[in-house]
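Where a number appears in this text, it was derived from the coordinates with a stated rule and is not lab data. These numbers were taken from a predicted model, which means no experiment stands behind them. With ideal geometry, Cβ positions are generated from the backbone for all residues, glycine too; neighbour counts draw on all protein chains shown.
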Amino acid sequence: MPGKQTTILVGPPGSGKSTIAPYLSSMFDRPLLTLDGLIAQEISRGTESGKYLALCQKEGRTPDDITLLSLFKAEMEASCPLGCFMCDFPRTLSQAQALDRYLIKTGNREYLKLYELSASDSFCEGRVRSRYIHPGSGRIYNSVSFPPKEEGKDDETGEDLIQLEKDHRLRFPKEVFIYHLSCEPQLKHFGASARIDCLKAGGEEKTVEDMVTEIAHNLLSSTFARRLTFAERNAAAIGAAPPEATNAKDAETRVYDRGDHLERKAPVLEVKTKHGGDFAPTAYHTVN
């Protein structure tokens, strides 16, 4: 089987990681693994580690790195046959080193992709002040760069949006300080990374669509989109080559080996590209 691609988005609070990552996850059919989501999932299962994590939350303590990495390892092995996206882990150099050792051990280190979202502290603070979230789903909006269709309301449910306590003005300098303290050692440890500026050359703020498109095109030109699955490499033995999809302009049709069955899908990058097309969060369609 080909290697699994782990794609990590790093950037200061307000750079757009949490907004961009779900779109990329949907486009490339790779799960988005978030630390908060995995912790909540483990707590809901009532396991021993879940009880430990719940106690840490109650007491305001940070869980140990071994426990946190074990959450990601278990989910990557169970639910990520082709790889995954991460946008809030690793948070420290020790976590980055532990993740690196795991990727090396599983033979997937060479498929790691790291994107650094770059913006000034003042720019990010302005974005954080304009950030709203739908508590039921975790959908994130920004009144400037990514506003909801109706002010203060979630696009899908119409329910009220809220601002998080951590986005309060007095806490932002501390969050940024912690990010800079931990990020530079991580970037130096991982080595090569692609830098994505949040501003255009003329100083205009990039939209969510702009940034998703930029990262998506970079991924499409990498092994991430071009690496063949076991089923594709053995299409003749299976009996039929993967079908062509007329609307798959930027990536080939794939056959996914799901273990107990084969699934054929056509990845369709529906963003603002040189080929045209509209921006859409979901870009994979099952091919009959």
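How many nm separate the modelled label positions at residue 187 and residue 165, each set 7 Å beyond the Cα in the direction of the Cβ?
Roughly 3.1 nm, to one decimal.
Can you tell me the FRET efficiency between residue 54 and residue 175 if r is taken as the Cβ-Cβ distance and R0 is 22 Å, rounded to the nearest 0.05?
Working: r = 24 Å, r/R0 = 1.08.
For residue 54 and residue 175, the calculated efficiency is 0.40.
Between residue 41 and residue 151, take the C-beta separation as r, use R0 = 41 Å, and let me know the FRET efficiency to the nearest 0.05. Working shown, then result.
Values: r = 32 Å, r/R0 = 0.79.
Approximately 0.80, to the nearest 0.05.
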